[in-house]
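For reference, the structure discussed in these notes is given below.
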Amino acid sequence: MGSYATWSCLKYIPHRLAGVALVAPVINYQWPSLPETLIKEDYRRKLMRWAMWLAKYSPTLLHWWVTQKWLPSTSVIERNPRFFNKRDIDILKIIPGFPMLTKEKLKEQDVFDTLRHDWMVAFGKWEFDPTELSNPFPQNSTLAHIWQGFEDKVVPSQIQRFISEKLPWIRYHEVPDGGHLIIHYSGLCEAILRALLLGEENVSYRPRLSSTFVF
């Protein structure tokens, strides 16, 4: 969810930034630039729309819903290939996972309210469309980066590629067999820092094919 704040820094205070690296940044389906042909059949778009309506107009019902015993637990969700690819599931066996999303934590009103507000900010109506931002680092082409897993089942890589093509001043990196939890993969943090601070490019993370979109 930190990508909302990061995009906002690029929009409003770029002169105070030394560089930016976004890792699997959130996609907001309300951004005007996203073509209907690219997002029309994406089930995540419908899920976001439904969840946003509940978060905005019926938070009490949403709170009740996410704490019901018959809903899958976080441990079950973390093993679900619908949300995580094989590497993600392996990672979730050795990291704490998502403790704030357990039913016990969600029963706490302050935890639920914090997550609900984060959700509404990330997927609500923004004051700007990130794809319309101008280059805040015109003298250096290595200071803005997006890192994405090709097999990410939470944030779709095909839309991330579209965004990176709209913003050619951002260097786009893609983990070929990566899911949503690439930040936990061995060596990835080092690659991010070396790219951001030293301008190095690891060829392993170059997109496999350049994407072509027809509207």
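We did not get these values from a lab; they are worked out from the coordinates using the rules stated. As the structure is a prediction and not an experimental result, all values here were calculated from the model. No Cβ is skipped: glycine too gets one built from the backbone with ideal geometry, and neighbour counts run over all protein chains shown.
Listing Trp169, Trp50 from fewest to most neighbouring C-beta atoms within 10 Å gives Trp50, Trp169. Only helical runs count toward this figure. For the chain, summing -39,500 (n - 2.57) over DSSP H runs of n ≥ 4 and dividing by all residues gives -11500 deg cm²/dmol at 222 nm.
Normalising the Debye intensity of the chain to I(0), with uniform scatterers on Cα atoms only, and taking log10 at q = 0.11, 0.12, 0.18 Å⁻¹ returns -0.59, -0.71, -1.50.
The relative contact order of the range 88-178, computed from alpha carbon pairs under 8 Å that lie at least 6 residues apart in sequence, is 25 percent.
Among the GluC sites (Glu not before Pro) found in the range 49-149, those both in a DSSP coil and sparsely packed, with 13 or fewer other Cβ atoms within 10 Å of their Cβ, are Glu108, Glu127. In terms of other Cβ atoms within 10 Å, Phe83, Phe112 run from fewest to most in the order Phe83, Phe112.
The smallest convex shape that holds all Cα atoms of the range 43-123, its convex hull, gives 106 Å³ per residue.
Selection among His173, His15, Ile39 by position relative to the dipole of the chain gives Ile39 as farthest towards the positive end (Cβ unit charges, Cα centre). The mean sequence separation of alpha-carbon pairs under 8 Å and at least six residues apart, normalised by the residue count of the range 1-127, gives a relative contact order of 35 percent. Pairs of Lys residues in the range 1-158 that lie 8 or more places apart, or on two chains, and have C-alpha atoms under 20 angstrom apart add up to 14.
Sorting the segments 15-23, 63-71 by their residues' average number of neighbouring beta-carbon atoms within 10 angstrom, most packed first, yields 15-23, 63-71.
For the range 43-123, a crude dipole built from +1 on the beta carbon of Lys and Arg and -1 on the beta carbon of Asp and Glu, taken about the Cα centre, is about 460 debye to the nearest 20.
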